[in-house]
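Visitor: Got a structure for you, written out below as structure tokens; questions coming shortly.
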Amino acid sequence: METTTEIKAGGGGAEQPQIVDVRSVVEAVSAAADDDDAATEAPLYEVESLCMRCEENGVTRLLLTAIPHFRKILLAAFECPHCGERNNEVQFAGELQPRGCHYCLKISSGDRQMLNRQVVKSESATIKIPELDFEIPPEAQRGSLSTVEGVLIRAADELEALQEERRKVNSQTADAIDQFLIKLRACAAANSSFTFILDDPSGNSFIENPFAPSLDPSLTIKFYARTPEQQASLGYLVDPSPSGEAGDGASLNTQNGPDQIQSEPHGSVGARAGRRAIAQGNSTEIAEALFRYSAPEEVMTFPLTCGACAAMCECRMFVTNIPYFQEVIVMASSCDSCGYRNSELKPGGRIPPKGKKITVHVENLKDLSRDVIKSDTAGVKIPELDLELTSGTLGGVVTTIEGLITKISENLERVHGFTFGDSLDDTKRSKWQEFTTRLNKLLSLEEPWTLIIDDALANSFIAPATDDIKDDHQLSFEEYERSWEQNEELGLNDMDTSSADVAYNAADAGPNVETEV
């Protein structure tokens, strides 16, 4: 027998109470979460709920809504008319993001405007203030939609709520917390400088950037791959063994069959096209078919854990050479359980000694069709728009110039939230609308524009529009020495390759090299 609850669904006009089961509400919210249009027009649900303070019945209001250019969220607000108890929280109705996010906001003393930045904190996010050695774990504050000031004041109020009980048990601890609360409230009032760090392995948290789409000098955003411990904390099943062999040997043995390495070389279709071009004697087609990309030897397949749902899936990998560039490793995976798909390109070979800046002047439709390889360490700049994306913003992608601009537009719409919210003033709204219009004009080529890809590891590439790269005057490459800060961020300053260099030199010298014993 299913439990039923009185639920009022109101969406404009008179509310009509309706007796339905809770499962129907969950299914309606889930269906609306999958549909973008339905998410923006979802009704308000009122559910009769038990108050945990006075044990009388209160009302919980549920509203599915979409924050423009961010996520679909479920707002839940509880209110008890008997004792006045109120509570609200935010839950995410969308999917788990492929990577975790790390926001670092530096707030200067006296800048109260910085405290008004809106913050979306999911139930898995951690907030830290290093200057105070203070941390708000995920279980301390549930998902919330607030501001920097609101998060700090809420933390101070919750610490102060139990001070009388602490003072009776341990007066020294209570006095220490009183001193700490003075410092915390000073930060909440912008009387002292501090760093506000928001780290979320689910990738569903956010700090507003009022300068969007331009860079914010006070805000640093980084994305990272989740560890197995973080996957487990999010509620996903993770194989405890490093290689996964001990967890489920039978299933892995089935997957590690003869189909793991393809017997037919990848690119055989292209090879047949090349032989057909040779038979027809068309030199142009021969060059395009045979020398554009070299076919790899084989495609390797190995088991992998899905980054979205942690289920077992397959990853396919092959190595290929790109003319005028270098050897690269192409990896693609797809999950049959949740439908998540991912493809990335990894550089092969050694780390280049210098960074590379690639500049291309886009003037015609042919330029929009240029192949682009952007590694996960590359930044993108468009001087005409004053647009600059730091390294890691889009990850590693293989696309065209047109596809890159489309990805930038989609990424800006997804990341920079609260753009068209009710609290946004008309000046910022018109600024964003103007930028979106100018970004779309890049693809219509109303005016020539410039695309700059700056890669500290020189693992990015833009294909030339001519047979010989020297004849392409719209494309230029510039090498530069990496700074100490860039090497530190890439982990190159602490890298010691002396042992590997000795081994390689000994191998290259041959068996006739005499060594002292």
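Visitor: Run Leu115 past the list (1) over 21 Å from Phe223 (Cβ atoms); (2) assigned to a strand (DSSP E or B); (3) of a type outside the set (Asp, Glu) and report the number of the one that doesn't hold.
Guide: (2)
Visitor: Just to check your reading of the model, which residue among Ser214, Ser124 is crowded, with 16+ Cβ neighbours inside 10 Å, in contact with a Leu (Cβ under 8 Å, 6 or more places away or on another chain) and in a loop (DSSP other than H, G, I, E, B)?
Guide: When all the criteria are applied, what remains is Ser124.
Visitor: Let me ask something else about it. Answer yes if at least one residue in the range 228-240 is of a type in the set (Asp, Glu), surrounded by 15 or more Cβ atoms within 10 Å (Cβ to Cβ), in a loop (DSSP other than H, G, I, E, B) and touching a residue at least 40 places away in the same chain (Cβ under 8 Å), and no otherwise.
Guide: Yes, the range 228-240 contains a residue that is of a type in the set (Asp, Glu), surrounded by 15 or more Cβ atoms within 10 Å (Cβ to Cβ), in a loop (DSSP other than H, G, I, E, B) and touching a residue at least 40 places away in the same chain (Cβ under 8 Å).
Visitor: Consider Glu131 carefully, then state whether it is out of contact with any His (no Cβ under 9 Å at 6 or more places or on another chain) and either touching a residue at least 24 places away in the same chain (Cβ under 8 Å) or part of a helix (DSSP H, G or I) (or both).
Guide: When the stated conditions are applied, Glu131 passes them.
Visitor: Search the range 399-411 for residues being of a type in the set (Val, Ile, Thr) and surrounded by fewer than 18 Cβ atoms within 10 Å (Cβ to Cβ), and hand back the single one that is nearest to Pro217 (Cα to Cα).
Guide: Across the range 399-411, the extreme among qualifying residues is Thr406.
Visitor: Quick one: how many residues across the range 331-387 are over 18 Å from Leu490 (Cα atoms) and assigned to a strand (DSSP E or B)? Lay out the reasoning, then the answer.
Guide: Let us first name the residues in the range 331-387 that are over 18 Å from Leu490 (Cα atoms), namely 331-344, 358-373, 381-387.
Filter again for assigned to a strand (DSSP E or B), leaving 331-334, 341-344, 358-362, 371-373, 381-382, 387.
Residues that pass the stated criteria total 19.
Visitor: If you don't mind, there's one more thing I want to ask. Filtering the range 312-325 down to residues that are outside any strand (DSSP E or B) and touching a residue at least 60 places away in the same chain (Cβ under 8 Å), which residue is most open to solvent (accessible area, probe 1.4 Å)?
Guide: Among those residues, the one meeting the criterion is Tyr324.
Visitor: When the range 438-448 is examined, which residues are found to be touching a residue at least 12 places away in the same chain (Cβ under 8 Å), outside any loop (DSSP other than H, G, I, E, B) and surrounded by fewer than 20 Cβ atoms within 10 Å (Cβ to Cβ)?
Guide: Arg438, Leu439, Asn440, Leu443
Visitor: Of (1) in a loop (DSSP other than H, G, I, E, B); (2) open to solvent by 50 Å² or more (accessible area, probe 1.4 Å); (3) modelled with pLDDT under 80, Ile19 satisfies all except one. Which?
Guide: Every listed condition holds for Ile19 apart from (1).
Visitor: Looking only at the range 346-395, count how many residues are over 26 Å from Asn440 (Cβ atoms) and over 26 Å from the mean Cα position of the chain (by Cα).
Guide: 5
Visitor: Assuming Phe461 fulfils every condition listed in (1) under 29 Å from the mean Cα position of the chain (by Cα); (2) surrounded by fewer than 16 Cβ atoms within 10 Å (Cβ to Cβ) apart from one, which condition is it?
Guide: (2)
Visitor: Oh, and also: Within the range 487-502, how many residues turn out to be within 24 Å of the chain's Cα centre (by Cα) and open to solvent by 70 Å² or more (accessible area, probe 1.4 Å)?
Guide: The number of residues fulfilling the criteria is 2.
Visitor: Return the pairs, sorted by first residue and then second, in which the second residue is open to solvent by 100 Å² or more (accessible area, probe 1.4 Å), the first residue lies in the range 464-479 and is closer than 13 Å to Lys366 by Cα, the beta carbons are less than 6 Å apart, and the residues are 6+ apart or on different chains.
Guide: Once the first residue is closer than 13 Å to Lys366 by Cα and sits in the range 464-479, its partners that are open to solvent by 100 Å² or more (accessible area, probe 1.4 Å) give Ala465/Lys366.
Visitor: Now a separate question. What pairs come out if I take residues in the range 329-348 that are over 14 Å from Gly395 (Cα atoms) and pair them with residues that are acidic (Asp, Glu) and open to solvent by 40 Å² or more (accessible area, probe 1.4 Å) whose C-beta lies under 6 Å away, six or more apart or interchain?
Guide: Gly348/Glu327
Visitor: In this structure, is Ile221 part of a strand (DSSP E or B), open to solvent by less than 30 Å² (accessible area, probe 1.4 Å), at pLDDT 85 or above and not basic (Lys, Arg)?
Guide: Details: part of a strand (DSSP E or B): yes; open to solvent by less than 30 Å² (accessible area, probe 1.4 Å): no; at pLDDT 85 or above: yes; not basic (Lys, Arg): yes.
Taking the combined requirement at face value, the residue does not satisfy it.
Visitor: Right, here's the next one. Can you name every residue in the range 378-393 that is open to solvent by 30 Å² or more (accessible area, probe 1.4 Å) and closer than 12 Å to Ser460 by Cβ?
Guide: Within the range 378-393, just Ser391 meets the criteria.
The values are calculated or read from the model by the stated rules, or taken from the named source; none is laboratory data. What you see is a predicted model; the values in this text were computed from it and never measured. All Cβ positions, even for glycine, are placed from backbone atoms using ideal geometry, and neighbour counts span all protein chains on display. What goes into the accessible areas is simple: the full protein's heavy atoms, side chains included, and nothing from ligands, DNA or RNA. Shrake-Rupley method; radii C 1.70, N 1.55, O 1.52, S 1.80 Å.
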